[in-house]
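The values are calculated or read from the model by the stated rules, or taken from the named source; none is laboratory data. None of the values given here were measured: they were computed from a predicted structure. No Cβ is skipped: glycine too gets one built from the backbone with ideal geometry, and neighbour counts run over all protein chains shown.
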Amino acid sequence: MSKDGNQVQAVSLSKMKGCWGDIPSFNASNCATDSNQIGDKLVRRCASLMAVDALIQNLTERWCDLEHQAIAKYPNWWAMTDPSRSTLPEGQKMADLERTRAALFGKRSEILASLPHIPATTLSDILGKIVIAALNVRTEDMPVIHRLLADSACDLAQMRCPDCNHTLTTADARSLVTSWL
């Protein structure tokens, strides 16, 4: 079932091949069952990027909490210089969090830059790339593009083989969509 309540239609493999050209790994005998596709390199990279993003978000929230505590505890917090703030317990913790965040942002950039260079060989790989693209298009800046990518990811995650009714993407790839939404 799609988000709007309509039945998801089985995809005609012949129609898809006609649109996309012959895709060697895309045929009814090679449906994405959880046992034959788990651990795709590209899907794992996409999941790693999402995990790094989650860590960055958690550290950012912790940093904000510490800043609010410092503002409440030290009325002159805004007038203090960075060196004087760093002598306070909250300032030291905030500096530690900022260093960790900087390292994670470096790792995030490294993973993101690698994704275009890893060829998608399965529909799960394509789903992973679509999810990452959607996550990196700001809703505020490009709402239509973001919605298009998000809907495409959801649609692809729900597609089934018309012959055997297996999902066309792996559970690992579908979890990228469900953890993001």
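Things to note:
- A search for C-beta distances below 9 Å between a residue of the stretch 170-181 that is touching a residue at least 24 places away in the same chain (Cβ under 8 Å) and any residue that is part of a helix (DSSP H, G or I) and among the charged types (D, E, K, R), counting only pairs 6+ apart in sequence or on different chains, returns T170/D34; A171/D34; D172/D34; D172/R44; A173/D125.
- Number of the condition not met by R99 [criteria: (1) within 20 Å of the chain's Cα centre (by Cα); (2) under 27 Å from L55 (Cβ atoms)]: (1)
- Candidates A54, A72: the one that is more than 29 Å from G128 (Cα to Cα) and in a helix (DSSP H, G or I) is A72.
- Qualifying residue in the stretch 44-51 (condition: crowded, with 16+ Cβ neighbours inside 10 Å and either farther than 24 Å from E110 by Cα or of a type in the set (V, I, T) (or both)): no
- Matching entry among T178, T122 (being at pLDDT below 90 and over 11 Å from the mean Cα position of the chain (by Cα)): T122
- When the stretch 154-181 is limited to residues that are of a type in the set (A, V, I, L, M) and under 13 Å from C46 (Cα atoms), the one that is surrounded by the most Cβ atoms within 10 Å (Cβ to Cβ) turns out to be A173.
- Condition met for T87 (under 27 Å from R45 (Cα atoms), of a type in the set (S, T, N, Q) and not in a helix (DSSP H, G or I)): no
- Residue in the stretch 136-152 that is of a type in the set (S, T, Y), closer than 20 Å to S179 by Cα and touching a residue at least 12 places away in the same chain (Cβ under 8 Å) present: yes
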